[in-house]
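Chemist: Have a look at the structure that comes next, please.
The values are calculated or read from the model by the stated rules, or taken from the named source; none is laboratory data. Computed from a predicted structure; not experimentally measured. Here the Cβ positions follow ideal geometry from the backbone for every residue, glycine too, while neighbour counts run over all protein chains shown. Protein only, heavy atoms only, side chains kept; ligands, DNA and RNA dropped before computing areas. Shrake-Rupley method; radii C 1.70, N 1.55, O 1.52, S 1.80 Å.
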Amino acid sequence: MTSPSAPSRRLQRSTRLVVAGVLLLVAVAAVVAAVVSGSWLVATIAAAVGVLLGAVATRITYTEVADTRRAWATDRAEQAQAYRALTEVRTEEQAVYVADTQGRITRHEATIARLEERLAAATDEVIAARDELAAEQERAMRAERAEAAASSDRERLAARLDEAEERAAMAIVRVAELEHELDVVIAEWHAGHAAPARRHA
(Lines give C-alpha, C1' and ligand atoms only; values in the text may rest on other atoms or scores of the structure.)
Protein backbone atom coordinates (compact mmCIF):
# COMPACT_ATOMS: atom_id res chain seq x y z
CA MET A 1 0.00 0.00 0.00
CA THR A 2 1.40 3.41 -1.03
CA SER A 3 0.73 6.52 1.04
CA PRO A 4 -1.15 9.38 -0.71
CA SER A 5 1.78 11.70 0.08
CA ALA A 6 4.28 9.40 -1.69
CA PRO A 7 4.43 11.51 -4.94
CA SER A 8 5.16 14.69 -2.96
CA ARG A 9 7.85 12.84 -0.97
CA ARG A 10 9.44 11.59 -4.19
CA LEU A 11 9.41 15.12 -5.62
CA GLN A 12 10.97 16.53 -2.43
CA ARG A 13 13.61 13.77 -2.42
CA SER A 14 14.46 14.45 -6.06
CA THR A 15 14.84 18.19 -5.35
CA ARG A 16 17.10 17.58 -2.34
CA LEU A 17 19.33 15.19 -4.25
CA VAL A 18 19.61 17.66 -7.14
CA VAL A 19 20.59 20.43 -4.71
CA ALA A 20 23.22 18.18 -3.09
CA GLY A 21 24.61 17.27 -6.51
CA VAL A 22 24.76 20.91 -7.56
CA LEU A 23 26.61 21.82 -4.33
CA LEU A 24 29.19 19.09 -4.97
CA LEU A 25 29.66 20.30 -8.56
CA VAL A 26 30.15 23.86 -7.31
CA ALA A 27 32.74 22.62 -4.79
CA VAL A 28 34.61 20.70 -7.51
CA ALA A 29 34.49 23.75 -9.81
CA ALA A 30 35.87 25.99 -7.04
CA VAL A 31 38.75 23.59 -6.34
CA VAL A 32 39.58 23.29 -10.06
CA ALA A 33 39.49 27.08 -10.44
CA ALA A 34 41.80 27.50 -7.44
CA VAL A 35 44.27 24.98 -8.85
CA VAL A 36 44.25 26.71 -12.22
CA SER A 37 44.76 30.14 -10.64
CA GLY A 38 47.94 28.97 -8.84
CA SER A 39 47.34 31.27 -5.87
CA TRP A 40 47.62 29.73 -2.43
CA LEU A 41 45.06 32.19 -1.02
CA VAL A 42 42.52 31.28 -3.67
CA ALA A 43 43.31 27.58 -3.16
CA THR A 44 42.78 27.92 0.60
CA ILE A 45 39.47 29.72 0.12
CA ALA A 46 38.38 27.19 -2.52
CA ALA A 47 39.32 24.31 -0.20
CA ALA A 48 37.29 25.84 2.64
CA VAL A 49 34.34 26.46 0.32
CA GLY A 50 34.62 22.88 -1.03
CA VAL A 51 34.66 21.44 2.48
CA LEU A 52 31.68 23.59 3.46
CA LEU A 53 29.70 22.70 0.35
CA GLY A 54 30.59 19.00 0.78
CA ALA A 55 29.39 19.10 4.39
CA VAL A 56 26.13 20.79 3.33
CA ALA A 57 25.62 18.21 0.55
CA THR A 58 26.33 15.38 2.99
CA ARG A 59 23.87 16.83 5.48
CA ILE A 60 21.20 17.12 2.79
CA THR A 61 21.81 13.51 1.70
CA TYR A 62 21.71 12.26 5.31
CA THR A 63 18.46 14.12 5.95
CA GLU A 64 16.95 12.61 2.82
CA VAL A 65 18.02 9.09 3.83
CA ALA A 66 16.55 9.58 7.32
CA ASP A 67 13.27 10.93 5.89
CA THR A 68 13.09 8.03 3.45
CA ARG A 69 13.56 5.50 6.25
CA ARG A 70 10.87 7.20 8.33
CA ALA A 71 8.51 7.21 5.34
CA TRP A 72 9.16 3.52 4.76
CA ALA A 73 8.50 2.77 8.42
CA THR A 74 5.24 4.75 8.24
CA ASP A 75 4.18 2.89 5.10
CA ARG A 76 4.94 -0.47 6.74
CA ALA A 77 2.91 0.54 9.82
CA GLU A 78 -0.02 1.58 7.61
CA GLN A 79 0.18 -1.69 5.69
CA ALA A 80 0.22 -3.66 8.95
CA GLN A 81 -2.87 -1.79 10.18
CA ALA A 82 -4.66 -2.38 6.87
CA TYR A 83 -3.81 -6.09 6.93
CA ARG A 84 -4.95 -6.33 10.55
CA ALA A 85 -8.28 -4.66 9.69
CA LEU A 86 -8.70 -6.96 6.69
CA THR A 87 -7.98 -10.00 8.87
CA GLU A 88 -10.58 -8.85 11.41
CA VAL A 89 -13.18 -8.40 8.65
CA ARG A 90 -12.44 -11.85 7.22
CA THR A 91 -12.60 -13.39 10.70
CA GLU A 92 -16.00 -11.79 11.32
CA GLU A 93 -17.26 -12.99 7.93
CA GLN A 94 -16.04 -16.52 8.68
CA ALA A 95 -17.75 -16.46 12.09
CA VAL A 96 -21.03 -15.32 10.49
CA TYR A 97 -20.76 -18.04 7.84
CA VAL A 98 -20.02 -20.74 10.42
CA ALA A 99 -22.93 -19.60 12.61
CA ASP A 100 -25.31 -19.55 9.63
CA THR A 101 -24.19 -23.00 8.46
CA GLN A 102 -24.46 -24.39 11.98
CA GLY A 103 -27.98 -22.97 12.25
CA ARG A 104 -29.02 -24.60 8.97
CA ILE A 105 -27.54 -27.93 10.05
CA THR A 106 -29.37 -27.72 13.40
CA ARG A 107 -32.67 -26.96 11.65
CA HIS A 108 -32.17 -29.87 9.25
CA GLU A 109 -31.35 -32.22 12.11
CA ALA A 110 -34.49 -31.12 13.98
CA THR A 111 -36.59 -31.66 10.84
CA ILE A 112 -35.07 -35.11 10.33
CA ALA A 113 -35.82 -36.02 13.95
CA ARG A 114 -39.46 -34.92 13.56
CA LEU A 115 -39.83 -36.87 10.33
CA GLU A 116 -38.31 -39.96 11.91
CA GLU A 117 -40.80 -39.69 14.78
CA ARG A 118 -43.69 -39.33 12.34
CA LEU A 119 -42.38 -42.22 10.29
CA ALA A 120 -42.23 -44.40 13.40
CA ALA A 121 -45.79 -43.40 14.30
CA ALA A 122 -46.97 -44.16 10.76
CA THR A 123 -45.20 -47.53 10.88
CA ASP A 124 -47.01 -48.31 14.12
CA GLU A 125 -50.29 -47.37 12.44
CA VAL A 126 -49.51 -49.73 9.55
CA ILE A 127 -48.71 -52.56 11.95
CA ALA A 128 -51.90 -51.90 13.91
CA ALA A 129 -53.93 -51.75 10.69
CA ARG A 130 -52.44 -55.02 9.48
CA ASP A 131 -53.13 -56.66 12.83
CA GLU A 132 -56.67 -55.40 12.70
CA LEU A 133 -57.02 -56.65 9.14
CA ALA A 134 -55.74 -60.08 10.15
CA ALA A 135 -58.15 -60.15 13.07
CA GLU A 136 -61.05 -59.18 10.84
CA GLN A 137 -60.08 -61.82 8.31
CA GLU A 138 -59.89 -64.41 11.07
CA ARG A 139 -63.31 -63.40 12.37
CA ALA A 140 -64.70 -63.56 8.85
CA MET A 141 -63.26 -67.03 8.36
CA ARG A 142 -64.71 -68.16 11.69
CA ALA A 143 -68.06 -66.72 10.76
CA GLU A 144 -68.01 -68.53 7.43
CA ARG A 145 -66.95 -71.84 9.01
CA ALA A 146 -69.55 -71.60 11.69
CA GLU A 147 -72.23 -70.58 9.19
CA ALA A 148 -74.09 -69.26 12.20
CA ALA A 149 -73.78 -65.58 11.41
CA ALA A 150 -76.65 -63.89 9.71
CA SER A 151 -76.46 -62.09 6.39
CA SER A 152 -76.40 -58.70 8.12
CA ASP A 153 -73.44 -59.79 10.21
CA ARG A 154 -71.56 -60.87 7.10
CA GLU A 155 -72.22 -57.51 5.44
CA ARG A 156 -71.09 -55.66 8.55
CA LEU A 157 -67.89 -57.74 8.75
CA ALA A 158 -67.25 -57.17 5.04
CA ALA A 159 -67.67 -53.40 5.52
CA ARG A 160 -65.28 -53.40 8.48
CA LEU A 161 -62.85 -55.50 6.45
CA ASP A 162 -63.00 -53.01 3.56
CA GLU A 163 -62.52 -50.13 5.97
CA ALA A 164 -59.53 -51.84 7.55
CA GLU A 165 -58.02 -52.51 4.11
CA GLU A 166 -58.56 -48.88 3.12
CA ARG A 167 -56.87 -47.63 6.32
CA ALA A 168 -53.99 -50.03 5.73
CA ALA A 169 -53.59 -48.78 2.15
CA MET A 170 -53.70 -45.13 3.30
CA ALA A 171 -51.11 -45.85 6.01
CA ILE A 172 -48.83 -47.51 3.44
CA VAL A 173 -49.11 -44.47 1.15
CA ARG A 174 -48.37 -42.15 4.09
CA VAL A 175 -45.29 -44.16 5.03
CA ALA A 176 -44.02 -43.90 1.45
CA GLU A 177 -44.56 -40.11 1.47
CA LEU A 178 -42.74 -39.72 4.79
CA GLU A 179 -39.84 -41.87 3.56
CA HIS A 180 -39.52 -39.69 0.45
CA GLU A 181 -39.60 -36.48 2.54
CA LEU A 182 -36.98 -37.93 4.89
CA ASP A 183 -34.71 -38.77 1.93
CA VAL A 184 -34.99 -35.16 0.64
CA VAL A 185 -34.14 -33.64 4.05
CA ILE A 186 -31.19 -36.03 4.54
CA ALA A 187 -29.86 -35.05 1.09
CA GLU A 188 -30.10 -31.35 2.03
CA TRP A 189 -28.39 -32.06 5.34
CA HIS A 190 -25.51 -33.84 3.56
CA ALA A 191 -25.22 -30.92 1.13
CA GLY A 192 -25.01 -28.52 4.11
CA HIS A 193 -22.12 -30.56 5.59
CA ALA A 194 -20.33 -30.79 2.26
CA ALA A 195 -20.44 -27.01 1.59
CA PRO A 196 -18.12 -26.01 4.53
CA ALA A 197 -15.66 -28.74 3.52
CA ARG A 198 -15.43 -27.39 -0.03
CA ARG A 199 -15.02 -23.81 1.21
CA HIS A 200 -12.15 -24.73 3.53
CA ALA A 201 -10.56 -26.74 0.76
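Chemist: Between residue 141 and residue 163, how high is the FRET efficiency from 1/(1 + (r/R0)^6) when r is the Cβ-Cβ distance and R₀ = 25 Å? Nearest 0.05. Could the numbers behind the result be given before it?
Modeler: Working: r = 18 Å, r/R0 = 0.71.
It comes out at approximately 0.90.
Chemist: HN-Hα J couplings of the range 71-84 from phi, Karplus 6.51/-1.76/1.60, θ = phi - 60°, integer Hz, Gly and Pro as x?
Modeler: 5, 5, 4, 4, 4, 5, 5, 5, 4, 4, 5, 5, 5, 5
Chemist: Using a Förster distance of 45 angstrom, determine the FRET efficiency expected from the C-beta separation of residue 128 and residue 191, and round it to 0.05. Don't skip to the answer; put the middle values down first.
Modeler: Working: r = 36 Å, r/R0 = 0.80.
After rounding, the FRET efficiency stands at 0.80.
Chemist: With label points built 7 Å along Cα→Cβ from the Cα atoms of residue 173 and residue 49, find their separation and express it in nm.
Modeler: According to this spin-label approximation, the distance is 11.5 nm.
Chemist: Moving to a separate point now. I'd like the carbon and sulfur percentage of the solvent accessible area for the range 67-140, probe radius 1.4 Å, heavy atoms only, ligands and nucleic acids excluded. Provide the component values of the computation, followed by the final result.
Modeler: Working: 2880 of 5240 Å².
Here it works out to 55 percent.
Chemist: Say each of residue 181 and residue 109 gets a label point 7 Å from the Cα, pointing the same way as Cα to Cβ; how far apart are those two points in nm?
Modeler: Between residue 181 and residue 109, the simple spin-label model gives 2.2 nm.
Chemist: Then there's this: R0 = 25 Å: FRET efficiency of residue 72 with residue 15, Cβ-based, nearest 0.05? If you can, show how the numbers build up before the last one.
Modeler: Values: r = 19 Å, r/R0 = 0.76.
About 0.85, to the nearest 0.05.
Chemist: Another one. Short version: ³J(HN,Hα) in whole Hz for each residue of the range 96-104, in order, from phi by Karplus 6.51 cos²θ - 1.76 cosθ + 1.60 (θ = phi - 60°), x for Gly and Pro, what are they?
Modeler: Per residue, the Karplus-derived 3J(HN,Hα) values read 5, 5, 5, 5, 5, 5, 5, x, 5 Hz.
Chemist: Still on this model: How far apart, in nm, are two points set 7 Å out from the Cα along the Cα-to-Cβ line at residue 80 and at residue 35?
Modeler: Going from the residue 80 label point to the residue 35 one covers 5.0 nm.
Chemist: Residue 112 accessible area, nearest 10 Å², 1.4 Å probe?
Modeler: Estimated to the nearest 10 Å², residue 112 gives 20 Å².
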